[in-house]
Every structure is written in C-alpha cells, then in structure tokens.
1. Does at least one position in segment 200-211 carry a residue that is more than 16 Å from the ligand (Cβ to nearest atom) and in contact (Cβ under 8 Å) with a residue 40 or more places away in the chain?
2. Under 6 Å between Cβ atoms, at least 6 apart or on separate chains: pull out the pairs that start in segment 136-157 with a residue that is part of a loop (DSSP other than H, G, I, E, B) and end on any residue that is away from the ligand (no atom under 15 Å from the Cβ) and small (Gly, Ala, Ser).
3. Output the helices (runs of 4 or more DSSP H) that fall wholly within segment 38-127 and possess 1 or more residues being touching a residue at least 12 places away in the same chain (Cβ under 8 Å) and farther than 30 Å from residue 207 by Cα, or say none.
4. Among the residues of segment 31-46, are any modelled with pLDDT under 95 and surrounded by fewer than 16 Cβ atoms within 10 Å (Cβ to Cβ)?
5. Restricting attention to segment 124-137, and to residues there that are within 16 Å of the ligand (Cβ to nearest atom) and either of a type in the set (Ser, Thr, Tyr) or touching a Lys or Arg at 6+ places or on another chain (Cβ under 9 Å) (or both), which single residue is farthest from residue 23 (Cα to Cα)?
6. Among (1) closer than 26 Å to residue 206 by Cβ; (2) under 22 Å from the mean Cα position of the chain (by Cα); (3) open to solvent by 10 Å² or more (accessible area, probe 1.4 Å), which single condition is residue 27 missing?
7. Going by the structure shown, is residue 93 under 19 Å from the mean Cα position of the chain (by Cα), open to solvent by 70 Å² or more (accessible area, probe 1.4 Å) and closer than 30 Å to residue 190 by Cβ?
8. Out of segment 56-90, which residues are small (Gly, Ala, Ser) and either surrounded by fewer than 17 Cβ atoms within 10 Å (Cβ to Cβ) or in contact with a Gly (Cβ under 9 Å, 6 or more places away or on another chain) (or both)?
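The values are calculated or read from the model by the stated rules, or taken from the named source; none is laboratory data. Keep in mind it's a predicted model, so treat the numbers as computed, not measured. Glycine gets a Cβ as well: all are built from the backbone with ideal geometry, and neighbour counts include every protein chain shown. Quick note on the areas: whole protein, heavy atoms, side chains included, nothing else; ligands and nucleic acids left out. Shrake-Rupley method; radii C 1.70, N 1.55, O 1.52, S 1.80 Å.
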Amino acid sequence: MGRALDVAGVREGDLVQNMYGYGLFTGGLGIHYGARAIGAAILPTSVGNTKRQLMLMKDLRSTVVTCTPSYMVYLVEASQAEGYAPRRDFALKVGIFGAEPWSEEARKRIEDGFGLRAHDIYGMSELYGPGVGIECEERNGLHIWGDEFLVETINPDTGEVLEPGREGELVFTMLSREAMPFLRYRSRDLSTVYDEECACGRYHSRIARIKGRSDDMLIIGGVNVFPSQVEHVLMNTPGLGDQYQIVVTHKQLDRLTVRVEAPPESIRDPNLIKKIQENLLAVLSIRADVELVELGTIPRSTVGKSRRVVDMRPRF
Ligand SMILES: [Zn+2]
C-alpha cells in the first residue's frame with residue numbers, strides 16, 4: 001500500500017484525509033498503514049459526516065483524499081452547496097478512489113471540481129486489501145504488483161485462460177503470502193490484462209479499469225446490462241444531476257427504469273426524456289423508462305458503496 005501511494009504521487013509531508021471506512025472493511029486501515037509507511041500524515045476521518053469532512057479538508061489543508069469515487073462525485077456537489085469554492089478553498093493535489101467501478105466521466109467531474117489528479121486503485125480483502133494495483137502517472141491501466149501477484153484472465157463461463165489483451169475475469173495467485181495461500185483465485189471482476197512495458201518504465205502488468213463484476217451484471221430480458229454503461233450515458237447527457245438509480249421490475253416482462261435527478265429547467269424540457277431513452281437504447285440495446293426527479297430526492301451514498309441498483313424482480 002505504501003508503494004501504491006508512492007506511485008500515485010503521495011509523499012512524506014502530505015496530509016492524507018482517509019474517508020474509507022475503518023474496521024472490517026480493509027480500505028481504511030490499509031490506506032492508513034500505507035500512508036504511515038511512507039511518512040505521510042494521516043487524517044482518519046472515515047466515512048460519513050460530510051460537513052465535517054469538508055471543514056477539516058479546508059482547515060487542515062489536506063493534500064490527498066481517499067474514498068469511493070461515488071462519494072467524491074457527491075462531494076463536488078455537496079461542497080458547493082456548503083458554500084465552498086472547491087478549487088480555491090481546498091489544497092488537494094491527489095485523490096485515490098476505488099472499491100467500486102467508475103467511469104472516465106466520473107474522473108473528469110472529480111478532477112474539474114477539485115483541481116486534483118484522480119487515481120484508480122484496486123484491491124480486495126482476500127488479497128491483503130487495497131493496493132493490489134494502482135494507476136501510475138500515465139493512468140493507462142492499473143499496475144498489478146507482479147512480485148506479489150500472478151494475474152490471469154479467464155472466460156468466466158468456461159474457465160478457459162485468455163491471452164493478454166482479451167477481456168475476462170481476473171484470477172489471482174499470491175506468490176509470497178504464507179499461511180493462507182491462494183492459487184488461481186477467481187475475483188469475479190471483469191477486466192483486461194496488458195503485459196507490455198508501460199510508458200512510466202514499470203514492467204508490472206497492467207489491468208484495464210474494472211468494467212464490472214461478473215455477478216453485478218444485470219440480465220434484463222435476456223440482455224446483459226452493466227450499471228457503468230447507464231452511468232456513462234447519464235454523465236454524457238447535458239442537463240442532468242449526478243445521482244441516479246437503476247430500478248428493475250418484472251410484470252410479465254422485465255422492465256428497466258432509470259431514475260435520475262435533474263434541475264427544474266431540465267425536468268420541464270419536453271425532449272430530454274426521449275433523448276436519454278434513445279441514448280440508453282443505443283448503448284444497452286434495450287428500451288428503458290426514464291424518470292426525472294428533483295435534485296436531492298435520491299438517497300445519497302455517504303457510507304460505503306453506493307446502492308445504484310434496485311432489483312425488485314421475484315427470485316425463482
Ligand atoms: Zn505505468
């Protein structure tokens with residue numbers, strides 16, 4: 001974890017505001033001890049209490065933040081609502097975001113909002129916790145530490161091992177851990193492994209941004225839908241807020257409803273819903289109902305991972 005923070009540009013003398021949960025979730029303590037290992041100071045605010053997060057961020061001049069990307073997107077909006085001018089009032093230079101899939105559009109919102117450089121980080125509790133891999137300064141994939149982990153991709157349906165460059169499920173073998181060896185452990189995370197040397201000069205293999213989980217993929221009327229695809233459409237449609245929900249119901253047929261927040265002028269726009277539906281159809285290949293709701297009405301993700309998907313279908 002210390003190595004991962006160093007690669008992201010965290011240095012001795014930085015103040016790391018750690019907004020990951022402390023406790024059984026490995027993110028909080030993993031970042032904490034990693035920051036201490038490289039001599040950075042740590043501000044262990046943990047999750048929640050947004051007003052206090054912002055107050056401490058400003059008063060103590062935090063230079064690094066860590067949290068889920070969905071919470072940081074929320075903070076762009078929340079900080080402005082609290083009267084802050086994020087680029088002026090905060091001293092953030094680096095943000096390290098992980099624990100859930102996110103998009104390039106979310107990265108842009110965070111970077112534009114706070115004027116920091118956002119790095120994607122990867123890990124899982126079974127493999128020590130956070131810091132299994134991280135984006136270097138090139139940010140063209142996440143380096144997986146090859147001296148600790150052998151990473152492969154397989155076809156999740158057949159178990160067939162895939163060549164580097166082909167998308168599949170990541171499978172890890174731990175090379176140095178004792179007492180609890182892991183041999184070809186299936187992560188359920190979908191990505192692509194790249195073996196070529198990175199422009200940064202490191203040879204540790206890279207994985208592409210996690211596309212989703214092979215088990216959070218929704219199958220709606222026989223069509224595979226990733227929540228990240230819906231986010232991609234919404235974030236590329238002007239005039240919408242940041243918060244949304246994907247609701248799946250079943251009445252004779254599966255039905256997908258995308259509920260998204262929008263300002264009053266967008267809600268009054270007679271063409272906006274149709275436009276979103278067309279964009280969703282183009283990306284997902286299925287029709288979706290779209291509901292525009294007032295800003296602030298969808299429950300915010302202030303603790304842990306966001307619950308974007310509400311699947312109300314009966315289980316058979
Ligand atoms: Zn690199």
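1. yes
2. Filtered contacts from segment 136-157: 148/176; 155/168; 156/214.
3. Once the helices (runs of 4 or more DSSP H) in segment 38-127 are filtered for at least 1 residues that are touching a residue at least 12 places away in the same chain (Cβ under 8 Å) and farther than 30 Å from residue 207 by Cα, what remains is 50-59, 69-81, 86-89.
4. No, every residue in segment 31-46 fails to be modelled with pLDDT under 95 and surrounded by fewer than 16 Cβ atoms within 10 Å (Cβ to Cβ).
5. It comes out as 137.
6. (3)
7. no
8. Matches in segment 56-90: 79, 81, 83, 85.
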